[in-house]
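Trainee: Here you go, one structure.
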Ligand code: OSB
Ligand code: MG
């Protein structure tokens, strides 16, 4: 597709309730929205960085800078760029995978809209809706957590994930298990532990969790492998899986028996399909993670989660889980515990330009 330029916006989207993880509390989601400008129409993408480098080393202003200074100029230097050429074109620039992913997503959306082809079909989706799990932040105390989880179960979410951190783990998991019996339940530590906490983490074994997600730090592959040997609960990696190469290494080391795929974290939806494929070959189940996406990222995540290797419910929740007002005209809704895979061309959702403008706090256009 021919690229005339890109528009980047920083948005501030108020969350329906503050979201607390082991690395902090967010009340407003700061996100970068990308618009690829082409003679055949616009394409939309989302850079999933947060305002501070707490989940990963990437953050809003870093992504903004690298995109404007290096990534976008490299794409504009190429006359026409197929979606498959975005990653190779940006490959000389180290890291910054979230920024790269958002740009690729916008190019992919523009190309597919121009072709009249839905993203799900392009990626290899085999179902028209995906089971919806919900990620629940750390609450005031276990009783408050039980109340919050009860609300999500009432709405129909088919799997609960609770965030944990040292000192807020065994009691909260016990409370949810005791209150709701054999529901599909998993925990996410966001790198808050070390191998010295193995005994505490092993206490979680008695709750029959689907998995424990990213207990140790991003670069702790060897320690994750050692920890996996001491747990009965399957160990799943999120932060550590920064690429298909990292996924291959983690599997080879025995550091993960399940992988959380987030297109934003690994440089885009095409790399996500590569991880899906290699995990399928290795019989490693995968699921689709989330980064508090707007309706744009949520639509793309639903398409990705519809691939055959996504055998566990993902964090692909309804727009209303995080936002009172979305920036798309067809926000994701929960129907019988599922989210529909969009069928219209590209991402399959339209942008609500009034909402987009209302939430925009910074805007730039980079043209050739
Ligand atoms: O670790 O999965 C995570 C949100 C922001 C950063 C990291 C994570 C999360 C979530 C929310 O758990 C997932 C979602 O978007 O529903
Ligand atoms: Mg996670």
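The values are calculated or read from the model by the stated rules, or taken from the named source; none is laboratory data. In this text, all values refer to a predicted model and were calculated from it rather than measured experimentally. Positions of Cβ are backbone-derived with ideal geometry, glycine not excepted, and every protein chain shown enters the neighbour counts.
Trainee: Which number in (1) in contact with a strand residue (DSSP E or B) (Cβ under 9 Å, 6 or more places away or on another chain); (2) more than 16 Å from ligand 1 (Cβ to nearest atom); (3) within 29 Å of residue 306 (Cβ to Cβ) marks the one condition that residue 154 misses?
Mentor: Going through (1) in contact with a strand residue (DSSP E or B) (Cβ under 9 Å, 6 or more places away or on another chain); (2) more than 16 Å from ligand 1 (Cβ to nearest atom); (3) within 29 Å of residue 306 (Cβ to Cβ) one by one, residue 154 breaks only (1).
Trainee: Assuming residue 107 fulfils every condition listed in (1) assigned to a helix (DSSP H, G or I); (2) touching a residue at least 40 places away in the same chain (Cβ under 8 Å); (3) over 18 Å from residue 294 (Cα atoms) apart from one, which condition is it?
Mentor: (3)
This table checks each residue for (1) within 16 Å of ligand 1 (Cβ to nearest atom); (2) more than 23 Å from residue 82 (Cα to Cα); (3) in contact with a strand residue (DSSP E or B) (Cβ under 7 Å, 6 or more places away or on another chain).
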| residue | (1), (2), (3) |
| --- | --- |
| 213 | yes, yes, yes |
| 259 | yes, yes, yes |
| 268 | no, no, no |
| 284 | no, yes, yes |
| 300 | yes, no, no |
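Trainee: Looking at (1) surrounded by fewer than 21 Cβ atoms within 10 Å (Cβ to Cβ); (2) more than 16 Å from ligand 1 (Cβ to nearest atom), which one does residue 331 not meet, given that it meets all the others?
Mentor: Every condition holds for residue 331 apart from (2).
Trainee: Additional query: Is there a residue in the range 287-308 that is in a loop (DSSP other than H, G, I, E, B), assigned by TED's automatic domain parsing to the domain that holds residue 199, within 16 Å of ligand 2 (Cβ to nearest atom) and surrounded by fewer than 20 Cβ atoms within 10 Å (Cβ to Cβ)?
Mentor: Restricting attention to the range 287-308, the residues satisfying the condition of being in a loop (DSSP other than H, G, I, E, B) are 289-294, 306-308.
Next, from what is left, pick out any that are assigned by TED's automatic domain parsing to the domain that holds residue 199: 289-294, 306-308.
In the following step, the residues that additionally are within 16 Å of ligand 2 (Cβ to nearest atom) were identified as 289-293.
If we keep only those that are surrounded by fewer than 20 Cβ atoms within 10 Å (Cβ to Cβ) as well, we get none.
Scanning the range 287-308 turns up no residue that is in a loop (DSSP other than H, G, I, E, B), assigned by TED's automatic domain parsing to the domain that holds residue 199, within 16 Å of ligand 2 (Cβ to nearest atom) and surrounded by fewer than 20 Cβ atoms within 10 Å (Cβ to Cβ).
Trainee: Further, regarding this structure: Can you give me the number of residues within the range 72-98 that are touching a strand residue (DSSP E or B) at 6+ places or on another chain (Cβ under 6 Å) and within 18 Å of residue 42 (Cα to Cα)?
Mentor: Final tally of qualifying residues: 2.
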